[in-house]
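Notes to accompany the following structure.
The numbers here are math on the coordinates, done by the rules we state, and not lab data. What you are looking at is a predicted structure, and each value in this text was computed from that prediction instead of being measured.
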Amino acid sequence: MRQGNTSKFKILALIALAFKSASALGGQVESCNTSGSQCIVSSRELITGDRVGLFSSDDRLVAYGRVKKMAGTRRVVSIDKSFSSVSGDERVALLNNVTDPTSIEELYTVQRNKGRTLIDMSVATASYSIGSGAPGIETTAAYIKRSWQDIELTGRAMFTTVSGEVSQAYVLRDYLGQETRGIDVQSFGANVYGGLAGLGYTLYGTSRVSFRGEVDTGVAYVAGVVGEGDMTNSSGFPTKLENGFGLVVRGTATAMVNIATWHVGLTLGQTTIQDASAATFGLSLSKSLE
């Protein structure tokens with residue numbers, strides 16, 4: 001019995017020693033090139049050919065690759081795949097126990113890149129509450145900067161085009177005083193150019209799928225026509241838009257898939273321009289710059 005217990009103790013000690021040795025085989029990122037394809041790592045244990053992972057301070061996998069060169073205490077790691085931007089504070093650990101790189105995302109918690117600075121473009125269909133409903137297209141481009149508590153400061157340019165039909169009732173009287181009633185239907189079209197500023201926030205920003213909300217307000221210039229005349233209140237048609245400047249309010253909710261530094265999203269939104277409002281549905285594409 002004593003001999004059996006001693007054997008078990010030796011086996012457990014060897015396993016513990018193996019884990020300790022494996023955890024010691026690592027290093028610290030010193031610097032990376034601009035493209036993030038190679039990093040210099042400080043390490044005495046890693047050798048050429050080792051597969052390594054770069055981990056954040058909360059043990060999330062940022063990237064993985066292989067040691068290509070070594071000189072003194074420095075190792076050159078060629079990055080095979082990045083899940084987010086390498087900040088330079090990552091620790092490096094040996095991943096030689098991984099035989100299939102496709103299983104890495106299943107074995108480790110991955111840090112997706114939500115970035116501190118992003119650019120964003122979106123295009124959406126819109127249905128405006130003008131007449132019996134007027135279709136439109138809304139396109140935007142934005143610069144987004146994450147600030148205090150990850151609140152996102154947003155500057156967004158917007159271009160919208162909308163067209164449809166509006167109508168108004170009319171009454172005609174002839175020289176005998178008889179009345180003729182009818183409905184006058186006219187086509188209309190308008191282009192809207194806007195600049196907005198707002199706030200946003202992203203939930204689960206480091207996960208594969210995240211959710212983002214944004215609210216903006218700003219000013220837009222409307223240029224439109226009704227029939228053959230300018231779009232003004234004096235036209236008598238209920239366009240809810242008038243040529244000139246007016247207030248814009250825009251709110252969106254986006255579900256995003258995060259692929260390295262790219263973020264692809266489906267967006268639902270509500271936009272109000274002057275007195276016209278629209279429900280929008282579209283696509284967004286963002287890229288993390290840092």
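Summary table below
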item	result
Kirkwood hydrodynamic radius of region 142-286, from inverse mean 1/r over distinct Cα pairs, in Å	17.8 Å
Using alpha carbons only: equivalent-ellipsoid semi-axes of region 182-266, gyration tensor based, whole Å	39, 14, 10
Descending principal axes extents, region 225-290, alpha-carbon based, whole Å	53, 21, 20
Region 83-92 - phi-based ³J(HN,Hα) in whole Hz, Karplus 6.51/-1.76/1.60, Gly and Pro as x	9, 7, 5, 7, 7, x, 9, 6, 8, 10
Long-range amide H partners of VAL52 with built H, under 5 Å	GLY65, ARG66, VAL67, LEU95
P(r) weight above 37 Å for the chain, C-alpha pairs, percent	43 percent
Sorted largest first, extent of region 25-107 alpha carbons per principal axis (Å)	34, 25, 22
For region 184-233, projected area of the alpha-carbon convex hull averaged over all directions, nm²	6.0 nm²
